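Written below as structure tokens is the structure these notes are about.
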Amino acid sequence: MSAVRRAASATAIGACIVWALATLLTVGSTYAKVEYVLTAYEAGSVARARSANLSRPPSPKRRIIGDGSVKQVRTDLSRFLGRPVTGLESQDRVTVHAKWFERVVTVPVKDRDEWDIVGVVALRAEPWSELLIPVGGIVAAMLMAIVLALRGLRRLEADAHASTYAFMIAPVAALAVTMAALAVLVRARIDGAALDFPTLALRDRFDSLTLPLPNGQASGLWLALVLVLAATLLFVAGWAVSASRRPAARRETLTAWAFLAPSALHLLVFTAGPLLFTLYVSLHDWDLLQANRPFVGLGNYAELARDPLFWKALGNTFIYALYVPFSMALALGAALILDQPLKGMKALRALVFLPTVVSYVAIAVVWQWMFNLDYGLLNYLLRALHLPGVDWLGNPKTALLAVMLVSAWVQLGYQMVIFLAGLQGIPAHLHEAATLDGAGPWLRFRHITLPLLRPVTVYLFVTGIIWSFQVFTLVYVMTEGGPVHATDVLVYRIYQNAWEFRRMGYASAMSWVLFAILLILTLLQWRALNKKVDYAA
Amino acid sequence: MIKHVSLRPVGRAARLATVAVASVAPTSACTWSARTVTLLLVALLAAACRGSGDETIVLRMTSWQSPQENALDLPAIRAFERTHPGVRVVNEPVSNQAEYREKVITAIASGSPPDVLLLDGIDVPSFALAGVLLDLAPFAGRVGIPLSTFYPTVLAMFSRGDAVLAFPKGFSPMVYFYNRALFDAARLPYPVDGWTFDEFLRTAQALTLDANADGVPEQWGTAVDRRFFSWQAMLWSGGGDILTIDGRRATGALDSPASIRALEFLTALVTTYRVAPKPNAFRAVSGTETRLFYSGRLALYPSGHWLIPNIRVQLARGQLSLGVVSFPHAAGADVITPLFASGWAVPRNTSHRKLAVELAGALSGAEAQRQRLIAGLELSTMPAVQEAFAQHDSLGLERSFLRQIPSGRAPWGARSPKFRELEAELPEILDRVIILGEPVAQVAADVARKLDLILLR
Amino acid sequence: MRPNERRARRRMIAGYAAAITLATVMLVPFLWMLSTALMDEFEVFQFPPPILPASPQWRNFPNALTALPFGRFFVNSGILALCMVVGQTLTGALGGYAFARFRFAGRGAVFAAYLGALMIPGIVLLIPRFLLIDALGGVDTIAGLVSTEVVSVWGIFLMRQFFSTLPRDTEDAARIDGASEWTIFWRIALPLARPAMATLALFSFVDAWKSFLWPLIVTQSMEMRTVEVGIASFHGLYYANWPYQMATAVTALVPVVIAFLAAQKYFTRGIQLTGIR
């Protein structure tokens, strides 16, 4: 057995074990939560009966650990769990106490006016009782998948024409089938609980004396993620074996992915996950506070198409993005000026960079003052030149221009620094050789500096456009999208809909449209700008 | 979310342990059994370790108040902590209202809500609709503030039927502040509550002075703010409104003749009569109007009681001499002004219900309100406290404010859950008329249609 | 050689003149910030706004910085900045090098996916990320604050562009000599990309210092807040204390300016960077 196959087998076995454990955890915790909800419901009925001083309180199915005054129950509970329990007299919500594999659910008993806690009801929950079948299924599937994977790897190594997919699909299929069965079981458990106590499904999730049923869709999502992870690992193991025939290419791919792994993982968890969540949200009428979030399909997108404010914001954003080439040109000029090794340039560079660093609130305040019609600096200069004053931020025709000016001013330092770094990469001897050949500064700039700055320029342009489409804070603090929506940009619309109107579904739909636009734009830019340049020294 | 002591650490630790153990590079084929055994041991160990509960109970309160305003609540908080040993109150203010709302909503929805939160009167409908707030009515007597001690109008803003969703802590009507010195210099009598649109216009014209005739007055009569809270009173006092009484439609209300007349009057102050500068107050910075007023170059400034802390020092020193007068009313209509209020609310899923309600009561109680009045941020919501304070007020402003209360009404924000969306459309009316010069009737009809669409959604 | 000397001097004067004009244009707003920070609270609201304070209120600085626990805020921002700088430069260099140097199946698609991550407005990801961090128990902790920010695709993109300009000759030579990929990356490619790394480190630092919305959402208690969140506290709906806000904003600039001055030497003239000697 070669080293590669040993490693691949270990990965495959590890993947199956990880799958088994993660699935066990997900299924187990969902079952446990359902059990806690049912126990809490029972305890709650007993507690309410006690509050109302009923002579015949309901007898719960589960074992009563404690039922009476707070002190009494505290002693009983501590004895049962074998550890001190505190805080019951002020814990005004359903609580789950745990020790080893024991679980107890406590619900406070309130006095008739629901003010003081006069007692506690503690019931024993048994979350592990229904897990026999699922655990059995998981273990069986894990073992079967391991056997199938090991067999597949053996075949892949032996057979030169074997396809990774053909042989790795068997273990993945075993896992997937089990996963589907488990998803059905989990869903049945949740729905069964909801049927037992019909009002549970709509139970108020903001009431501290109840527990919400677990979300079947969330559990399903977790299971799907676990399956994807295990499948990926299995396919990677298969690929490793089948690619062992081309060690150089395989080594390169492996190293590349090793280098990319930390960022890829982070992006998957913190960007791709939330992004898919917003896609899900955009198909619903979603409010964080409301329990009812109906599915509306493409309704949000259709509404977008009809919304005149959206189109106005889109147009404004496109116009606004035009500041990028201008500020880049200015930044290049600034970089060339400040690149000279003269005394005091260091401080001057720091000064030019300063605007990038300041918070947008301060920038907005300062520029509102500078743009002011009566006492602003810009109008003062204009009047000194005998030109009429301009109400920069009050006139719809000039407001967007004013915001673009401020953005250019802010971005100048950032772009200049990148250009400076890029200029460092141009070997000095190229310039010297050209000067010796008699080329003037403009020719040198056009034929040496500009081409060698291309990657930097491409970076700044692409990221500049992407960044400009996402402008928000500046508009938010300086103009609030006014006057008359002249500076209303896409992300401001998204913010207003998400935060002020709490229409998260609509805002998510807008962000997906923005995403699609940027994707297309960037693809076009990339094709147009990214011609290969020879970098031989 | 289940909030209990040990299940989460078990889940997390076990998951981490799984990943850690599975990532160990194997050297023999039997390691998977060793791995599972280690894993079970780790899981059991994790299940065994638990943190014991903390002895002090921590109550978290949150608001949008500035550091100075938070300092005003400190005496009430300290008194509460003294009467409740073993309880600590932690104040987590958020800088401004929009972000505050985000944070509170997210915190409540994710199951870790603050125990006491400051609720703006305008947010009551949407919070009430979501059902996230605790009904404080049954507990009011127990915390020592029977509901009868509040101004009825203000209390009604925070009530839904019999349920009271927050203890009102402070409120203010919209009024006009006038600069006494400018009136004296122009030898005009001070304005009187209940004055008419015409009187208002004539006063403003008399107080707009352009000495060097360059077209830009050095002193302005009044100011117009494009934001709805500022001109809501003018619309109401002109006999109009943005929505019909039941709050279901805008057409018929916003484009009614009375509303249009009121809006025309308002915008004409800027365009035709030129007694007010062009509105340019933005979110980040107060506009020219505030500066002019503070510099003593604006005679009539619409605002609320919240203006006073900013200029208290100047008022005490006599650098600014102000008076308070109601909004003017159109012929045939009554003076009506909105009351902007805030109150302390308790979320329903807080874990210390009784303590939280007691804290909310302590923060809105008579003693706390009395101490806050000294800073002058807003009026007390208890008539007894407010009137007692007004008697000792040296500046005379409190008595004028008291006179405005009977003409106060709950603003639309307190009645309509979609108000934030409606409010966002309203400044456009002023913008389109003043900046683009469109006729008021048409703009009003347009915006009314937009509001209807929003209401129908 | 007098004409050359004169030309050189003229060029120097022109250079200085242009640089100083540029810096002045950049500087005016900051002078206003500083002057506002020294004003009396009421003086700020005069019409027209005064350019210089009547009497500089130097005590605004200590007063503003003690009105809220700014010491703690600076520490938190510092920790965030450190983690972001280390995380973003490392992952940026690793990722950029991988995209620039290695050929592997699907490289274009994966890079496009990375770029796609840039095209989502940050505010849209706020709520899902908060819910995720909350589920992991990281709300109001340093771990929660830092964890979402340690990878920056802007950085990966920037490093990719830089690495693609470096000539491969040294690397190929080392590869033939049997050096591992990691050694080539760490010993050969990375030192050559120092200007890019320095700019990346600088921008990560600036980003960390300026970040507002995410720290606002994920922190609750006073002890965990950052400087930007603290500065914004002076500005509410009815209330704005401009002098205090500007004083704290000016103070918050100091670490960044220091960082910039320190990082400058890496991307300005003085370091020779040709590939093969």
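The values are calculated or read from the model by the stated rules, or taken from the named source; none is laboratory data. Nothing here was measured: the structure is a model prediction, and the numbers come from that model. Neighbour counts are summed over all protein chains in view; Cβ atoms, including those assigned to glycine, are modelled from backbone coordinates with ideal geometry. Each accessible area value is taken on the protein alone, full model and side chains, heavy atoms only, with ligands, DNA and RNA left out. Shrake-Rupley method; radii C 1.70, N 1.55, O 1.52, S 1.80 Å.
When the solvent-accessible area of the protein assembly as shown is split by element, carbon and sulfur atoms take up 64 percent of it, the probe being 1.4 Å.
Using every alpha carbon pair in chain B, what percent of pairs falls into each 10 Å bin from 0 up to the bin containing the largest distance? Values per bin, smallest distances first: 4, 18, 25, 22, 14, 7, 5, 3, 2, 0, 0. Going by the alpha-carbon gyration tensor, a ≥ b ≥ c the square roots of its eigenvalues, is segment B:338-416 rounded (a/c under 1.5) or, if a/c is not under 1.5, prolate (a/b greater than b/c) versus oblate? The shape class here is oblate.
Residue ranking by accessible heavy-atom surface, 1.4 Å probe, largest first, among C:TYR266, A:TYR380 comes out as A:TYR380, C:TYR266.
Surface calculation, 1.4 Å probe, protein heavy atoms: C:GLU149 sits at approximately 40 Å² accessible.
Solvent-accessible surface (1.4 Å probe) assigned to B:GLU218 amounts to roughly 60 Å². In the full protein context, the protein assembly as shown carries 41 Å² of accessible surface per residue, based on a 1.4 Å probe and ignoring ligands, DNA and RNA.
With Rg and the Kirkwood Rh both taken from Cα atoms, where does Rg over Rh land for chain C?
On the way: Rg = 23.6 Å, Rh = 22.3 Å.
Checking Rg against Rh, the ratio lands at 1.06.
Taking all Cα pairs closer than 8 Å and separated by 6 or more residues, the relative contact order of chain A comes to 14 percent. Sequence-ordered 3J(HN,Hα) estimates for segment B:429-446 from the Karplus curve with 6.51, -1.76 and 1.60 and θ = phi - 60° stand at 4, 5, 4, 5, 6, 7, 8, 8, x, 6, x, 4, 4, 5, 4, 4, 5, 4 Hz, glycine and proline given as x. What residue among C:ALA81, C:ALA93, C:ALA112 shows peak mean-square fluctuation when chain C is described by a Gaussian network model with Cα springs under 10 Å? Its mean-square fluctuation being the largest, the pick is C:ALA112. Take B:ARG227: with every protein chain present and a 1.4 Å probe, its accessible area is about 70 Å². Taking every Cα-Cα distance in chain A and sorting them into 10 Å bins from zero, the calculated P(r) comes out as 3, 12, 15, 16, 17, 16, 12, 6, 2, 0, 0 percent. Scaling against 2.2 N^0.38 Å puts the C-alpha radius of gyration of segment C:67-187 at 1.35.
What are the semi-axes of the equivalent ellipsoid for segment A:457-537, taken as the square roots of 5 times the Cα gyration tensor eigenvalues, largest first, in whole Å? Display every interim value, and only then the final one.
Working: eigenvalues 211, 45, 16 Å².
Whole-Å semi-axes of the equivalent ellipsoid: 32, 15, 9.
Across segment C:1-78, C-alpha contacts under 8 Å between residues 6 or more apart give a mean separation that, scaled by the residue count, equals a relative contact order of 20 percent. Per-residue ellipticity at 222 nm, computed for chain B from helices alone with -39500 (n - 2.57) per DSSP H run of at least four residues, works out to -13000 deg cm²/dmol. Our helix-only sum for chain A, with -39,500 (n - 2.57) per DSSP H run of n ≥ 4 divided by its residues, gives a mean residue ellipticity at 222 nm of -21500 deg cm²/dmol. Ordered by solvent-accessible area of protein heavy atoms (1.4 Å probe), largest first, the residues A:LYS99, B:LYS450, B:LYS169 come out as B:LYS450, A:LYS99, B:LYS169.
For segment A:343-355, putting each phi into the Karplus relation 6.51 cos²θ - 1.76 cosθ + 1.60 with θ = phi - 60° gives couplings of 5, x, 5, 4, 5, 5, 4, 4, 5, 5, 7, 3, x Hz, in residue order, rounded to whole numbers and with x for Gly and Pro. Counted over the protein assembly as shown with a bin width of 10 Å, the fraction of Cα pairs per bin, in whole percents, is 1, 8, 15, 20, 19, 16, 11, 6, 2, 0, 0, 0.
Buried surface between chains A and C: roughly 8200 Å² of accessible area, summed over both sides, computed with a 1.4 Å probe on protein heavy atoms only. Where the alpha-carbon atoms of segment A:169-310 are placed on the principal axes, they occupy 61, 48, 27 Å, in descending order. Distant-in-sequence amide contacts of A:ILE65, defined by a placed amide H-H separation under 5 Å and a gap of 5 or more residues or a different chain, comprise A:ALA122, A:LEU123, A:ARG124.
What is the average number of partner chain Cβ atoms found within 10 Å of a Cβ in A:501-508? Walk me through the intermediate numbers first.
On the way: counts 9, 9, 3, 2, 0, 1, 4, 3.
Mean partner-chain Cβ count within 10 Å for A:501-508: 4.
Applying D = kT/(6 pi eta Rh) to segment B:88-198, where Rh is the Kirkwood radius over alpha-carbon pairs, T corresponds to 10 °C and eta to 1.306 mPa s, the Stokes-Einstein value obtained is 91 µm²/s.
Couplings 3J(HN,Hα) for segment A:39-44, derived from phi with the Karplus relation 6.51 cos²θ - 1.76 cosθ + 1.60 (θ = phi - 60°), are 4, 4, 4, 4, 4, x Hz, where x marks Gly and Pro.
Take the alpha carbon atoms of segment A:301-529, find their radius of gyration, then divide it by 2.2 N^0.38 Å using N residues; give the quotient.
Details: Rg = 20.5 Å, N = 229, 2.2 N^0.38 = 17.3 Å.
So segment A:301-529 has a normalised radius of gyration of 1.18.
At q = 0.19, 0.21, 0.22 Å⁻¹ the log10 of I(q)/I(0) for segment A:38-127 amounts to -0.78, -0.95, -1.04, computed by Debye summation with a single uniform scatterer per C-alpha, solvent ignored.
Counting only helical runs of four or more DSSP H residues, what would the 222 nm mean residue ellipticity of chain C come to if each run contributes -39,500 (n - 2.57) and the total is spread over all its residues? Intermediate results must be reported in sequence, preceding the final value.
Working: 12 runs with 181 residues, N = 277.
About -21500 deg cm²/dmol.
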